[in-house]
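The values are calculated or read from the model by the stated rules, or taken from the named source; none is laboratory data. Bear in mind that the values here come from a model prediction, so they are computed numbers and not experimental data. So basically every Cβ, Gly included, is an ideal-geometry build from the backbone, and we count neighbours across all protein chains shown.
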Ligand code: BJW
């Protein structure tokens, strides 16, 4: 299937889901998780750091990893891909739903409405254990990570780690959108992490993978477009 075929599918589709992963933000300068081991994660696998066990083993190390990423994300801006998606949504209200695995908030900063963020938000944190009364009233101890000075409860990033449930409402809304769409654009994800990747396998709509390299979801795709998010999406989503 050619780029022109996919353009026709976009024009004809009444409901579109855009499922994004880390590659969506690569051209904003945010490193992906699993690309060539040259980036920030060269020394770590996400499966080893993005878990509650890793945090409990070495809270300061995991906190610092997230603090560094938070700082980096705060400094970057949405790219032409995020912008094209948001502009399409503004021109066609209600026609395209963004479902993202990204925690960087760049779709939201590009002003995409109603983004379904499946893996949380790196800019926020939450309590590791259910908070007691002391956690809510006391001033945090400013350690790495900050903690409750009375009971020692730790703050942790408000993201979804391996083995944790995804936010129920967002996942349900994403599953509904996937079930109802006639076209799903799968952008910048390796497609190895579930249940997010399962959305592309369960939809009855056409599936188009947009990625510079092969992914685990190519076998579920009706078309594969090789290229980057910031080059393909503006061309695909223009009227
Ligand atoms: C470009 C580009 C450019 C580059 N333009 N593209 C079914 C089968 C097997 C396992 C499971 C299953 N169901 C559940 C599991 C277990 C597990 C899982 O999926 N494991 C697999 C790894 C095997 N899933 C979970 O644990 C999930 N929870 C869950 O299922 O709860 C129920 C449950 C509970 C208890 C027990 C069992 C089940 C939770 C998953 C949470 C994932 N969290 C992370 C970290 C978030 C916080 C943080 O940021 O630190 O989410 S891991 C990391 O991977 C992050 C990402 O959102 C996620 C996906 O990665 P993504 O986005 O695909 O990035 P990359 O790097 O892999 O790919 C980038 C792509 O971009 C590449 O393809 C590039 O080519 C491309 N690219 N430049 C376009 N310019």
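Summary of values
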item: Any chance residue 105 is surrounded by fewer than 21 Cβ atoms within 10 Å (Cβ to Cβ), under 21 Å from residue 231 (Cα atoms), within 13 Å of the ligand (Cβ to nearest atom) and assigned by TED's automatic domain parsing to the domain that holds residue 199; result: yes
item: Count of residues meeting criterion [in a loop (DSSP other than H, G, I, E, B), farther than 22 Å from residue 128 by Cβ and more than 12 Å from the ligand (Cβ to nearest atom)] in segment 45-79; result: 3
item: Some residue of segment 17-33 being away from the ligand (no atom under 11 Å from the Cβ) and modelled with pLDDT of 95 or more; result: yes
item: Filter result (free of Cβ contacts under 8 Å to residues at least 40 places away in the same chain and crowded, with 17+ Cβ neighbours inside 10 Å) within segment 63-75; result: 65
item: Test set (1) crowded, with 16+ Cβ neighbours inside 10 Å; (2) touching a helix residue (DSSP H, G or I) at 6+ places or on another chain (Cβ under 6 Å); (3) in the same structural domain as residue 5 (by TED's automatic domain parsing) - residue 148 fails condition number; result: (3)
item: Answer residue from segment 80-102, given it is within 15 Å of residue 170 (Cα to Cα) and part of a loop (DSSP other than H, G, I, E, B) and is farthest from the ligand (Cβ to nearest atom) among those; result: 102
item: Residue match in segment 76-92 (condition: assigned by TED's automatic domain parsing to the domain that holds residue 229, surrounded by fewer than 19 Cβ atoms within 10 Å (Cβ to Cβ) and without any contact (Cβ under 8 Å) to a residue 12 or more places away in the chain); result: yes
